[in-house]
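The values are calculated or read from the model by the stated rules, or taken from the named source; none is laboratory data. Given the structure is predicted, the values throughout are model-derived calculations rather than measurements. Reconstructed Cβ throughout: ideal geometry from the backbone, glycine too, with neighbour counts over all protein chains shown.
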Amino acid sequence: VIDRNKLSRLFMEVYGDSSPPRLFRAPGRVNLIGEHTDYNDGFVLPMAINRETIVAARRRDDRRVRVRSVNINEAAEFDLDTKFNRANGRRLWLNYIEGVARILEERGARLTGADFLIQSDVPEGAGLSSSAALEVSTGLAMLSISNTEVDRVKLALAGQAAEHEYVGAKVGIMDQYIAALAEKQHALLIDCRSLEATTVPVDTSTVSFVICNSRVKHELASSAYNQRRAECERGVELLKNKLPEIRALRDVNASEFEKHEDCLPEIIRRRCRHVITENARTLAAANAFRQSDLQRAGQLMYESHASLDHDYEVSCPELNRLVEIARRVEGVLGARMTGGGFGGCTVNLVENESLDAFREAVTREYYEATDRAPAIYVSEACGGAEEV
Ligand code: ADP
Ligand code: MG
């Protein structure tokens, strides 16, 4: 947990104590279900976690933006009136922040300069989206200290555009949406075609979400990602012969698929089957959470994992091991890999009474199997970006 008073004091040591800074936060996230569905125009169901990025901010009278990150103990700056210069050797992390500022201005906001001190307890590169937490918290800070009205959807879209145009990562909208729009005690069902987002109550009076980081990242990840995308596109092309009105796998339901799957080669068929069944599972899980049917939600998480492992083939031995360990602990309702795959994290739905046993089993058995200590994070569903 980040000490907010300490961050404010540190801000005044770094930038002078003329006035205390304002503090803004945005959370990290975990995707509960709906994996590899986003680029098929489908559904995802992320939840904000109890790890966050906090920006201490004070406006300046000029148009300079000075930033310092406590995490990496580095300072950098840019000027909103000078053109962005990709080649001037700056660090990548500044591009997230400068990217959001410049995109917001391109899209009509007029920003003042600012001094920022940033601190985060979202682990970087662990698949919990420290990047969106950084974009959305700094974007909110910039708009707020410039006295500009904040539209949360526009804020999220600016974060995504910054990641596309200034960082070079072609990410979907999930991470920025959940960071900007999350509500406490709710997950967010996002329709990746319409970008419509619906809050889904998750009753965590008796259960917790537990994230286990496998601490592996296999090389395969990015090449396999591009290959899966291409396989899905090929599947749509072939299915169009039978179902001419479809635009994406999102448009194919399970019974249509069963009727026509024979027209697909084996591998493509399995890839399509994952996406089509995963969309159905994601909608079903949202309903199960709405009805507090946690057994059902957990069951769908297990099924999602099996589909990602067998049909989509993006799991790996370490993730499978984490899910198998979880399955054998009493009181674990569901477990699955979360994120792109080939490493990263699992997300588990665990009855609160079983948390200690779960933690113990995962720590010991995963270490025995892999020589690695998993990182374990327990979270309820937290709120989205806000001033604190
Ligand atoms: P993820 O979003 O899964 O954590 P990414 O690779 O998308 O992983 O984003 C991680 C990057 O975001 C880091 O390498 C760093 O450049 C930047 N970043 C995130 N949080 C901070 C922070 N508090 N201070 C500086 N840079 C940060
Ligand atoms: Mg990221």
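A few points about this structure:
- When residue 33 is tested against (1) away from ligand 1 (no atom under 16 Å from the Cβ); (2) more than 30 Å from residue 277 (Cα to Cα); (3) not charged (D, E, K, R), exactly one condition is not met: (2).
- Evaluation of residue 175 against (1) within 30 Å of residue 246 (Cα to Cα); (2) away from ligand 1 (no atom under 16 Å from the Cβ); (3) touching a residue at least 60 places away in the same chain (Cβ under 8 Å); (4) buried (at least 19 other Cβ atoms within 10 Å of the Cβ) (one fails), failing number: (2)
- Cβ-Cβ distances below 8 Å connect the following pairs, each with a first residue in segment 51-69 that is within 16 Å of ligand 2 (Cβ to nearest atom), a second residue that is among the aromatic types (Phe, Trp, Tyr) and outside any strand (DSSP E or B), and a separation of six or more residues or different chains: 69/93.
- For the condition under 16 Å from residue 55 (Cα atoms), within 16 Å of ligand 2 (Cβ to nearest atom) and touching a helix residue (DSSP H, G or I) at 6+ places or on another chain (Cβ under 7 Å), residue 94 does not qualify.
- Per the listing 149, 135, 124, the residue uniquely at pLDDT below 95 and within 16 Å of ligand 2 (Cβ to nearest atom) is 124.
- Unique match (being modelled with pLDDT of 95 or more, surrounded by fewer than 24 Cβ atoms within 10 Å (Cβ to Cβ), out of contact with any strand residue (DSSP E or B) (no Cβ under 8 Å at 6 or more places or on another chain) and closer than 17 Å to residue 57 by Cα) among 143, 157: 143
- In segment 160-171, residue nearest to the chain's Cα centre (by Cα) [restricted to those that are within 12 Å of ligand 1 (Cβ to nearest atom) and touching a residue at least 60 places away in the same chain (Cβ under 8 Å)]: 163
- When residues in segment 318-344 are screened for being closer than 23 Å to residue 129 by Cα and not in a loop (DSSP other than H, G, I, E, B), 12 of them pass.
- Boolean, residue 67 is closer than 25 Å to residue 6 by Cα, part of a loop (DSSP other than H, G, I, E, B), modelled with pLDDT of 95 or more and not basic (Lys, Arg): no
- Subset of segment 325-356 that is polar (S, T, N, Q) and either over 15 Å from the mean Cα position of the chain (by Cα) or more than 16 Å from ligand 2 (Cβ to nearest atom) (or both) - its residue that is surrounded by the fewest Cβ atoms within 10 Å (Cβ to Cβ): 352
- One residue from 197, 248, 224 being away from ligand 2 (no atom under 16 Å from the Cβ), more than 25 Å from residue 332 (Cα to Cα), at pLDDT below 95 and surrounded by 15 or more Cβ atoms within 10 Å (Cβ to Cβ): 224
- 1 or more residues out of contact with any His (no Cβ under 7 Å at 6 or more places or on another chain) and of a type in the set (Lys, Arg): qualifying helices (runs of 4 or more DSSP H) within segment 90-200: 92-106, 152-162
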